[in-house]
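**Student:** Mind having a look at this structure? Questions to follow.
The values are calculated or read from the model by the stated rules, or taken from the named source; none is laboratory data. Owing to the predicted nature of the structure, the values given are computational and were not obtained by experimental measurement. Counting neighbours? That spans all protein chains shown, and the Cβs are built from the backbone with ideal geometry, glycine included. SASA here: full protein model, heavy atoms, side chains in, ligands and nucleic acids out. Shrake-Rupley method; radii C 1.70, N 1.55, O 1.52, S 1.80 Å.
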Amino acid sequence: MPLSRLNPEQSAAARAPLGYNLIIASAGTGKTSAIVGRIAHLLSQGVRAREILLLTFTNKAAGEMTARIAASFGKEAAQEIMSGTFHSVAYKWLKSLNKNIVLKQPAELKTLFKSVYDKQMAAEFNRAGLRENLLSAPALYDYQNLFENSAQDDFGEFLAAKNPAHKANAPLYEAVCGEFRDLKTELGFVGFNDLLIAIREALSDPANAAERARYLEVLVDEYQDTNPLQNSVLETIAPRSLFAVGDYDQSIYAFNGAEIGIIASFERRYAGAKVWTLTKNYRSTALILSLANRVIAHNERIYPKNLEVVKSHSPREPQLLIFGDLYEQYRVIAARIGESRFERDQTAVLFRNNSSADGIEAMLRELAIPCKRRGGNSFFESREIKALLDILILLINPHDILAFIHILEYAKGIGAGSAKDIFDACARLGGGNMLRGFLSPDPNAVAFEKNKVNLFGDLAAKKTFNNLPKNFENHPILSHQNITENGAKFLSDFHSLLSVLISEENPQKSLNIILRSEIFNLIAETLAKQRAIDKNKTLDQNKFEEAKERIFVKAETLKQLAAHYASRERFINAMALGGGEMSEGSGVNLLSVHAAKGLEFDEVFVIDLMDGRFPNRKLMNQGGAIEEERRLFYVAVTRARESLYLSFAQNDAYKNINYAPSLFLYEAGLLEKKLAKNPAV
């Protein structure tokens, strides 16, 4: 029976009289047990399962809670409880009301939004000429979503508060958003926010008064991350009893519209409300919890709480690791993980920004330590890293046609079909060795088979291209009819690069050569442009420069990794080692702090605790707040059960940046005074 396993505080909250109850459940205090206990209490008191509504942050959490109820009260009772996220519950509820809706994913709706945006902007330009500094379609779509989450009435006022520079264009933006809403209505499409707006409107209809009153109690998990739109749905339901569970110190979703004021104003908004506090922490050691509390105490205390640590064994002191260089930090931490007594899947490396994960992921792979990464693409899956490795692979294995085709994808005017023809031709010119045929073709060999003539025309015809080096201008592969001037230039540059690389066995020196080459500069520019072009096909120059810099930072990480290998083949084999394990999702957890929410691990490393990175000053300048960054730090630290390491680097040698330690390290008492230097932002 779930109630029998509760401590006195959890039991008191679970058995609270019907009404408005707020349960302050700090990290590790057993909020899930309290919620399951509450449902068990309601059922034992005669409340029918179909009169209970459970709203959770994820559908997985709802499934876990109802599974525990099923173990005590049977599957049938558990299935009668309406449970899930706000969006999933709204969808099921609307369907039960016979509402004809077609739910569309954000990617689909963004495409539809862009079509409306392009049409409206074209008409506007024809009337008034081009307006400067307009929001892109994706940016406007995001603002519209935030506006809906805010439950405000005036988009112009909302936008002016969020981004004053765009206030003058608010009427134009409102027209786009209005037409988009009308088009969705016409097509019967709804997005996630539309589900909440629709259920709120349906329940506001007097004809649905009985439907609105069907639930005796509504339980809300992660209440601190409720946004105003979700809260407006709760207020429309107006439940006779509300059981809200959350922790204001773990409110970290302001960027997605969450409003901490909702939990802070609970007692004011609900007459007769009672606040229950869970104070027994079952997760972390006393020293870890003490450190977390020292930092979070710098935020305004909304509800008082004094946590008691239940663990009684001798705890390990949290450790601060200080490094001179960024990559030294990643290398040493990877080595520590390799020597750790904890199981791999019980170790986590947490970071504020996804870019921090690349270095640690690379160093873990070097040591053949399996890991899994959430909240971003794997370092080794990024196209720039694949391109670098593909070039090295061709030097080791000239028969790897996929590596060759992948590189030629970046050449203008050479498609995959032509790339395969060129590969086959080089193999014939090299007696079966593509690399030999590309660099030193046999003058007596035939590049292209005669049976290709019907497909491509006369492939043997002499073609002339401008500005090619003497040692390449007569290469037989240039007779391929589909090769353009740009394609010939790419092949010439690739030929020059491989000609130098062929005699360099050291992988780090090889990467140095590649990074200085025309080929990699073209690859970097191509990828940077793709990542900096808005959905309306406009290149954002600032984003382009930032994207290109990140590409070279990733390349520098790979180069650092290559320093320990004397041969290209050993390096490539080491990079391939462990790839299957990583894709299987086993090993060390690499997580953004947001992705780590709700999880716990025996050992936790929080990395890159430099001012500018954590706290993230750039996001703070865009409307964030130091209080939210501090709550993120609190969440990161309280993921640890036994062992906690906090680390920062004083310098990034590649970018030539000096870093100051994070403010939070001083607040934690790990550093005594600020260093006399400006923080890196």
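**Student:** Give the long-range amide H neighbours of Ile657: residues separated by 5 or more places, or on another chain, with amide H under 5 Å away, using H modelled in the peptide plane at 1.01 Å from N.
**Tutor:** Here the answer is Asp652, since their amide H atoms fall under 5 Å of that of Ile657.
**Student:** Could you sort Asp325, Asp345 by their accessible area in this structure, using a 1.4 Å probe and putting the largest first? Walk me through the numbers before you get to the answer.
**Tutor:** Details: Asp325 35, Asp345 80 Å².
Sorted descending by solvent-accessible area, the residues read Asp345, Asp325.
**Student:** OK, next. Under the √(5λ) rule applied to the eigenvalues of the Cα gyration tensor, what semi-axes describe the equivalent ellipsoid of the stretch 146-226? Give them in Å, descending.
**Tutor:** Numbers: eigenvalues 176, 67, 23 Å².
Working from the Cα gyration tensor, I get semi-axes of 30, 18, 11 Å.
**Student:** Want the number for Ala264 to Ser290: 0.36 nm per residue separation, take away the alpha-carbon distance, what's left?
**Tutor:** Length difference between fully extended and current span is 7.0 nm.
**Student:** Further, regarding this structure: Given a Förster distance of 25 Å, report the FRET efficiency between His564 and Asn397 from their Cβ-Cβ distance, rounded to the nearest 0.05. Kindly include the intermediate steps, with their values, before the conclusion.
**Tutor:** Details: r = 22 Å, r/R0 = 0.87.
Rounded to the nearest 0.05, the efficiency is 0.70.
**Student:** So, one more: Enumerate the calculated ³J(HN,Hα) couplings along the stretch 7-17 in order (Karplus 6.51 cos²θ - 1.76 cosθ + 1.60, θ = phi - 60°), each rounded to whole Hz, writing x wherever the residue is Gly or Pro.
**Tutor:** In residue order, the calculated couplings are 7, x, 5, 4, 5, 4, 5, 5, 9, 4, x Hz.
**Student:** So for the stretch 194-259, what percent of the C-alpha to C-alpha distances run longer than 18 Å?
**Tutor:** Working: 895 of 2145 pairs.
Considering the stretch 194-259, 42 percent of its Cα-Cα pairs are separated by more than 18 Å.
**Student:** Estimate the FRET efficiency between Asn471 and Glu179 by the formula 1/(1 + (r/R0)^6), using the beta-carbon distance for r and 51 Å for R0, to the nearest 0.05. Before the final figure, lay out each step's value.
**Tutor:** Numbers: r = 59 Å, r/R0 = 1.16.
Calculated value: 0.30.
**Student:** Starting with the highest mean, order 361-368, 23-30 by the number of other Cβ atoms within 10 Å, averaged over the residues of each peptide. Before the final figure, lay out each step's value.
**Tutor:** Details: 361-368: 21.5, 23-30: 25.2.
The packing order, highest mean first, is 23-30, 361-368.
**Student:** Now for a separate question. Amide H to amide H under 5 Å from Ser241: which residues, 5+ apart in sequence or cross-chain, H placed 1.01 Å off N in plane?
**Tutor:** Correct list: Val218.
**Student:** Excluding same-chain pairs closer than 8 in sequence, count the lysine pairs in the stretch 12-147 whose Cα atoms lie under 30 Å apart.
**Tutor:** Counting lysine pairs in the stretch 12-147 gives 23.
**Student:** I've got another one for you. Given q = 0.12, 0.22, 0.25 Å⁻¹, what are the Debye log10 I(q)/I(0) values for the stretch 370-438, with equal point scatterers placed on the Cα positions and solvent ignored?
**Tutor:** -0.38, -0.91, -1.07
**Student:** Go through Asp493, Asp205 and list them by solvent-accessible area, largest first, probe radius 1.4 Å.
**Tutor:** Numbers: Asp493 35, Asp205 70 Å².
Ranking Asp493, Asp205 by accessible area, largest first, yields Asp205, Asp493.
**Student:** Right, next: Tell me which trypsin sites (Lys or Arg not before Pro) from the stretch 472-522 have a DSSP coil assignment and no more than 13 other beta carbons within 10 Å of their own. Walk me through the intermediate numbers first.
**Tutor:** Working: sites: Lys489, Lys509, Arg516; in loops: Arg516.
Here the sparse-neighbourhood loop sites are Arg516.
**Student:** Something else: Just subtract the alpha-carbon distance of His298 and Ile533 from 0.36 nm times their residue separation and send over the number in nm, one decimal. Please list the in-between numbers first.
**Tutor:** Details: separation 235, 0.36 × 235 = 84.60 nm, distance 4.07 nm.
Here the answer is 80.5 nm.
**Student:** How about the stretch 328-357: which GluC sites (Glu not before Pro) there lie in a loop by DSSP and see at most 16 other Cβ atoms within 10 Å? Working shown, then result.
**Tutor:** On the way: sites: Glu328, Glu339, Glu343; in loops: Glu343.
Passing sites in the stretch 328-357 are Glu343.
**Student:** Using only the Cα atoms, what convex hull volume per residue in Å³ does the stretch 236-370 have?
**Tutor:** Roughly 184 Å³ of hull volume per residue.
**Student:** Could you list the trypsin sites (Lys or Arg not before Pro) in the stretch 386-423 that lie in coil according to DSSP, counting only those with at most 15 other Cβ atoms within 10 Å of their Cβ?
**Tutor:** Counting only loop positions with at most 15 other Cβ atoms within 10 Å, the trypsin sites (Lys or Arg not before Pro) in the stretch 386-423 are Lys412.
**Student:** Please turn the phi angles of the stretch 349-355 into ³J(HN,Hα) values with the Karplus equation 6.51 cos²θ - 1.76 cosθ + 1.60 (θ = phi - 60°), one per residue in order, whole Hz, x for glycine and proline.
**Tutor:** 10, 10, 8, 7, 10, 4, 4
**Student:** Further question on the same structure: Along the Cα-to-Cβ line of Asp602, 7 Å from the Cα, sits a label point; which residues in the stretch 332-357 have backbone N less than 17 Å from it?
**Tutor:** From the stretch 332-357, the list is 336-349.
**Student:** Roughly what would the spin-label model give for Ile322 and Glu545, points 7 Å off Cα along C-beta, in nm?
**Tutor:** 3.4
**Student:** Let me ask something else. Residues with amide H under 5 Å of Trp276's amide H, sequence separation 5 or more or different chain, H placed in the peptide plane at 1.01 Å from N; which?
**Tutor:** Here the answer is Leu22, Ile23, Ile24, since their amide H atoms fall under 5 Å of that of Trp276.
**Student:** Mind counting lysine pairs for me in the stretch 327-457? Cα separation below 30 Å, and the two need to be 8 or more apart along the chain or on different chains.
**Tutor:** Within the stretch 327-457, the lysine pair count is 8.
**Student:** At 0.36 nm per residue, minus the direct Cα-Cα distance, what do Leu18 and Ser503 gain on full extension? Give it in nm, one decimal, please.
**Tutor:** On the way: separation 485, 0.36 × 485 = 174.60 nm, distance 7.92 nm.
Length gained, Leu18 through Ser503: 166.7 nm.
**Student:** Any chance you could give the angle, 0 to 90 degrees and rounded to 10, that helix 106-128 forms with the longest Cα principal axis of the chain?
**Tutor:** That helix lies at roughly 70 degrees to the long axis.
**Student:** Here's something else I'd like to know. Please compute the modelled spin-label separation between Lys412 and Leu97, points set 7 Å along Cα→Cβ, answer in nm with one decimal.
**Tutor:** 5.5
**Student:** Same structure, new question: Take every DSSP beta bridge with both residues inside the chain and express the antiparallel ones as a percent of the total, to the nearest 5.
**Tutor:** Numbers: 4 of 50 bridges.
Antiparallel: roughly 10 percent of the beta bridges in the chain.
**Student:** May I ask for the equivalent-ellipsoid semi-axes of the stretch 1-69, computed as the square root of five times each C-alpha gyration tensor eigenvalue and listed largest first in whole Å?
**Tutor:** Details: eigenvalues 53, 51, 29 Å².
After diagonalising the Cα gyration tensor, the semi-axes are 16, 16, 12 Å.
**Student:** Taking only C-alpha pairs under 8 Å that are 6+ residues apart, what is the relative contact order of the chain in percent? Please report the intermediate quantities before stating the final value.
**Tutor:** On the way: 1075 pairs, mean separation 113.7, N = 681.
That works out to 17 percent.
**Student:** In whole Hz, with x marking every Gly and Pro, tabulate ³J(HN,Hα) for the stretch 635-648 from phi via Karplus 6.51 cos²θ - 1.76 cosθ + 1.60, θ = phi - 60°.
**Tutor:** 4, 4, 5, 7, 7, 8, 8, 10, 10, 9, 10, 10, 9, 8
**Student:** Counting each DSSP H run of 4 or more residues in the chain as -39500 (n - 2.57), what helix-only mean residue ellipticity at 222 nm follows after dividing by all residues, to the nearest 500 deg cm²/dmol? Intermediate results must be reported in sequence, preceding the final value.
**Tutor:** Numbers: 32 runs with 336 residues, N = 681.
Estimated from H runs of four or more residues: -14500 deg cm²/dmol.
**Student:** Please state, to two decimals, what the Cα-based radius of gyration of the chain comes to when divided by 2.2 N^0.38 Å (N = residues). Spell out each step's value before the answer.
**Tutor:** On the way: Rg = 29.8 Å, N = 681, 2.2 N^0.38 = 26.2 Å.
Normalised Cα radius of gyration, the chain: 1.14.
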